[in-house]
Amino acid sequence: MDHHQQGSTRSNHRMRQEVKEHGKMTGRRLKLARKLPTRHRRCPPHHYRCLLSQLRLVLCHHRQFQQPQIMESPKIYPSTQPPGTYGKEIVVQSNVFGIDVENEIELFQYSVCIRADVALNKEVVFTKKGKEDFVVLDRHEKCCTVLYYASETHDDFFQSEMNCLIYDGQSMLYSSIDLFYNRLNTENKSRTFQIDGVEIGHKDFQKLPCIKLEISATKNPSVKFNRKNVGKRSADQNMLAVNTAYRNILELALNQSCVQDYHRCAVFEHGKFFFIRPTEEGFLSRDCVDVGDGKRMMPGIKKTVQFVEGPCGRGECNPAVVIDGMKVAFHKEQPIIEKLQEVVTSDFSKGLKEGERERCVGVIKGLDCYSNYIGRLRHLKIEGIHHEGASKARFQLKDGNSSTVAEYFQSRWNITLKYPDRVKISQQTSAQSQRTTKESAVPPDVRQRIIMTGKAAAKISGDSAVLNKLGVQICEAPLLVRARQFPPVKIALNPTSSAIPQKENKWRIGQYSRPAVAPKIWAMYAVGTPSSRFSQPQLANFASVKVAQQKGIQLDPPKDCQCVLATEIESQLAAAHKASCEFVFIITDDAITNLHQKYKMIESLQSIVIQDMKMTKALSVIDSGKRLTLENVINKTNVKLGGSNYIFTDTKKYLDRVLVIGIGISQPPPVTKFIVEGKGFLSPQIIGFSYNGKQKQEFAGDFVLCPAGQDTLSSIEDIMKESILGYKKCHDGTDPETVIVYRSGVSEGNHGNVIAYEIPLARAGINEVSKSVKLVYIAVSKDHTYRFFRNDLDTIGQFSSSGTQVSASSSRTSLSSQSQLKPCDINIPPGISIDHMVTNPAIKQFFLNSHIALQGSAKTPLYSILADDTLASLESLEELTYNLCHLHQIVGLPTSIPTPLYVAAEYAKRGRNLWNEANLKNPLIRSGSEREQLRAATHSINYKHTGDFSDRRVNA
């Protein structure tokens with residue numbers, strides 16, 4: 001048994017042991033386990049972790065569904081509603097390209113396994129999945145090389161001339177011909193080809209005399225691929241009736257030109273394509289600029305297959321490909337020494353300095369590289385840079401002696417290292433990351449050009465031989481979409497006052513809607529080091545309370561106002577708490593990055609509202625007179641202290657007896673999660689939530705800790721109960737009539753589990769504390785590929801409303817000619833709503849662009865209604881959602897998502913910071929019930945159990 005098989009057997013054993021521990025599973029548990037997706041039931045040995053994760057999720061759901069009153073809901077979407085009519089109809093351009101299926105063809109699915117013996121008792125499986133980019137691309141290249149070589153040399157089996165082969169570059173293959181047509185169903189439908197690596201001509205295969213390619217028929221039935229089936233079986237209100245094979249086939253078919261031409265294209269998962277030599281594909285040289293640290297921006301596209309209504313509207317289902325353009329930083333292929341030279345820019349002959357070493361590690365850790373000094377090419381992964389130079393760093397030899405790295409290379413390989421030493425001198429970092437961020441922000445005109453160029457380069461068109469064989473035609477121009485533009489939301493101080501003047505959907509806050517009750521005792525401190533450029537007179541100047549008083553906060557001067565060393569601020573805050581201080585304003589030197597989390601932990605434990613500000617911003621107010629910055633600070637202070645700055649005029653009474661809840665999620669870092677869990681330490685996901693319990697348009701909340709790795713929220717029941725009880729507390733025990741939930745972190749693939757498991761738990765939480773409350777559950781996502789553009793900069797709204805496919809060249813030209821305009825001028829404006837044509841025909845959903853894009857291209861959120869007891873019209877949900885995007889309070893701008901969701905996401909971030917701070921020295925070790933451990937941890941750090949902040953937004 002080889003090493004890989006041993007590892008697989010151990011994984012299989014662990015899975016069997018876990019199932020054995022739950023040996024008293026009821027028939028209901030076993031029934032749920034059998035419902036696991038087919039891809040997990042038949043996963044190969046090294047994918048048993050996927051099955052184990054799914055099994056844990058099923059068992060978690062079962063433990064909560066043991067209560068007889070909580071029933072699993074069928075995976076059925078709420079009924080759709082007619083498109084809205086509120087607002088002015090306009091036309092916007094999309095990045096959606098229609099797909100037409102002209103032929104009728106039968107497709108058969110096969111499993112591909114490619115492996116080879118590289119040494120005695122060591123086998124490499126090229127079709128094994130990987131996560132690192134280099135590994136994925138390397139295996140993809142090798143798999144494609146082997147399969148396409150075999151298809152040419154074994155035409156009697158593959159019949160390539162007549163056949164339409166669709167390959168994913170790893171282990172899945174579709175064929176339009178039954179490759180085992182001459183075998184009975186009872187026979188083994190598998191064939192193995194043995195290929196000499198020398199014959200293939202690939203440099204990495206030269207020393208592999210026997211590469212084994214195994215083609216096996218899967219148990220999945222063949223797919224009747226035609227226009228009727230694609231439209232009928234790809235989108236359905238009943239999710240179980242959807243056949244995902246059609247989407248998978250179209251996704252892979254659109255990849256084929258890039259999959260086959262791997263010397264020209266780099267294909268990543270989730271439909272991402274990048275091109276090795278972009279300027280040869282039609283991209284411009286300015287799309288490929290160097291951004292430092294040996295990195296270069298590269299243009300590419302991301303495409304997804306979607307099923308949309310199309311121009312004919314409700315009742316129709318049409319396949320389409322949605323293509324988005326992007327620019328991403330790639331590491332240049334170069335010697336490591338050259339890359340490090342670009343990172344530090346200093347002379348290596350003087351050694352690598354301490355600050356430079358740390359910075360280099362951050363850039364190159366995890367990168368793949370090659371070495372060839374031993375006479376053969378070796379693939380290595382960089383883990384870091386040793387803290388000692390090669391002339392001092394020692395390691396043990398096989399004979400028991402030790403040697404420095406420099407001595408070993410000299411004696412073993414006769415190689416003299418060029419830079420064996422280092423010295424310890426600090427070095428400042430560069431602005432490389434800022435430049436990367438700036439270059440990644442692609443304005444609309446550039447994005448449109450990249451989309452059209454990338455579409456042509458990827459041959460998502462009639463140029464694709466595979467698409468032609470499959471009978472698939474792609475529209476050359478993107479779909480024009482009929483949208484509606486809402487009028488500006490009226491911002492006011494109270495329901496009866498006049499509206500605050502707006503200019504370009506922006507407003508300036510004067511007097512507050514409800515000034516906070518000023519703290520009786522408060523303090524202000526400047527925190528820094530002896531070299532910090534902030535003085536006591538400057539602090540006293542900043543501590544002036546005139547602006548706060550002008551806005552309605554009757555704030556007296558601080559009782560304590562002094563400069564404090566960073567090493568002494570914690571004891572100073574303890575003294576302030578002892579003196580009954582209610583509010584502390586802190587100005588912290590930008591170079592000090594380890595104190596913010598400590599401030600927030602003290603705030604939570606001692607119930608002192610602490611506001612932290614960077615010293616550079618404070619100096620800009622003092623030295624440059626930046627009044628707007630100061631006003632934003634005071635705006636935040638009023639909210640933190642429990643006040644409200646402004647409201648929107650709710651003329652249609654959308655919020656009367658309505659409880660609005662936002663739910664945001666902070667997942668554990670993707671790498672540390674598994675490392676920490678593997679060591680027995682807990683690393684939870686943090687669920688932040690907010691609700692308008694006290695006032696209709698004021699949102700406060702809290703957070704809870706939950707087990708990670710679940711796509712549904714086990715804590716939703718507790719969140720609903722706490723929110724409703726908070727509402728009833730402030731409304732004389734009266735129940736809300738309706739609860740509207742805005743939930744982030746839900747992909748379309750998770751809709752079924754949320755409807756089946758999470759929403760019933762939410763209803764159970766509601767029923768426990770209230771009666772006859774109606775529920776509306778809305779999933780909010782910005783993690784999609786859709787983009788919408790102005791169709792004309794000068795006369796938006798005065799276009800043809802036919803909704804047919806037209807050439808995009810005219811709009812791209814007009815955009816390019818006005819490139820001097822700001823992003824907010826050339827992006828679609830706030831208040832653009834789209835609820836048909838590009839929406840899924842089975843889902844009640846809408847796109848709403850509520851914000852002003854200040855850089856790059858606007859990313860319009862997608863709202864999918866997963867439950868609706870009120871049968872609300874789309875336009876009422878759209879208008880309410882748009883209104884709720886105008887309650888940020890700190891700045892006079894609408895946000896991209898509703899305020900309850902924005903605030904909930906901030907509570908999730910705050911919870912993550914508090915968790916990190918609490919576990920910095922004492923990580924929570926897994927012991928017993930993880931859920932109970934996390935419940936106890938929640939009680940120790942969240943706001944409900946450590947301070948009375950339930951009625952104020954302390955994370956503003």
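Arrange Ile211, Ile592 by Cβ neighbour counts within 10 Å, fewest through most, would you?
Numbers: Ile211 25, Ile592 16.
In increasing order of surrounding Cβ atoms, one gets Ile592, Ile211.
Please rank Cys164, Cys317, Cys210, fewest neighbouring Cβ atoms within 10 Å first, as an exposure proxy.
Details: Cys164 22, Cys317 18, Cys210 11.
Listing Cys164, Cys317, Cys210 from fewest to most nearby Cβ atoms yields Cys210, Cys317, Cys164.
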Approximate spin-label separation His731-Cys563, in nm, with each point projected 7 Å along Cα-to-Cβ: 5.2 nm
Over 23 Å (Cα to Cα) - which of Lys506/Lys822; Lys203/Lys455; Lys506/Lys551 fall in this group: Lys203/Lys455
Lys207/Asn229 FRET efficiency (R0 45 Å; Cβ-Cβ; nearest 0.05): 0.45
Other-chain or far-sequence residues with amide H under 5 Å of Ala516's (modelled H): Gly643, Ser644
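Let me know the charge dipole size of region 647-946 about its Cα centre in debye, to the nearest 20, where only the beta-carbon of Lys, Arg (+1) and Asp, Glu (-1) is charged. Please list the in-between numbers first.
Numbers: 29 positive and 29 negative charges, 135 e Å.
It works out to roughly 660 debye.
If each residue of separation counts as 0.36 nm, what is the full-extension length gain between Arg627 and Thr416 once their alpha-carbon separation is subtracted? Could the numbers behind the result be given before it?
Details: separation 211, 0.36 × 211 = 75.96 nm, distance 6.12 nm.
Stretched out fully, the Arg627 to Thr416 stretch lengthens by 69.8 nm.
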Difference of contour (0.36 nm per residue) and Cα-Cα distance, His154 to Thr870: 251.6 nm
Whole-Hz ³J(HN,Hα) from phi, Karplus 6.51 cos²θ - 1.76 cosθ + 1.60, for region 744-751, glycine and proline x: 9, x, 10, 7, 4, x, 9, 3
Order of Leu877, Leu821 - criterion: other Cβ atoms within 10 Å of each residue's Cβ, fewest first: Leu821, Leu877
Two-site label geometry, His577 and Val135: point separation in nm, points 7 Å out along Cα→Cβ: 4.5 nm
Spin-label pair Asp656/Asn494, simplified geometry with 7 Å Cα→Cβ offset, distance in nm: 2.0 nm
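May I ask which of Lys207/Lys398; Lys696/Lys774; Lys339/Lys365; Lys600/Lys921 have a Cα-Cα span longer than 19 Å here?
Details: Lys207/Lys398 28 Å; Lys696/Lys774 17 Å; Lys339/Lys365 12 Å; Lys600/Lys921 16 Å.
Too far apart for the 19 Å limit: Lys207/Lys398.
Only the coordinates and a few stated rules stand behind these numbers; no lab work does. Remember, predicted model here, so these are calculated numbers, not experimental data. Methodologically, a virtual Cβ is constructed for each residue, glycine included, from the backbone with ideal geometry; neighbour enumeration extends over all protein chains shown.
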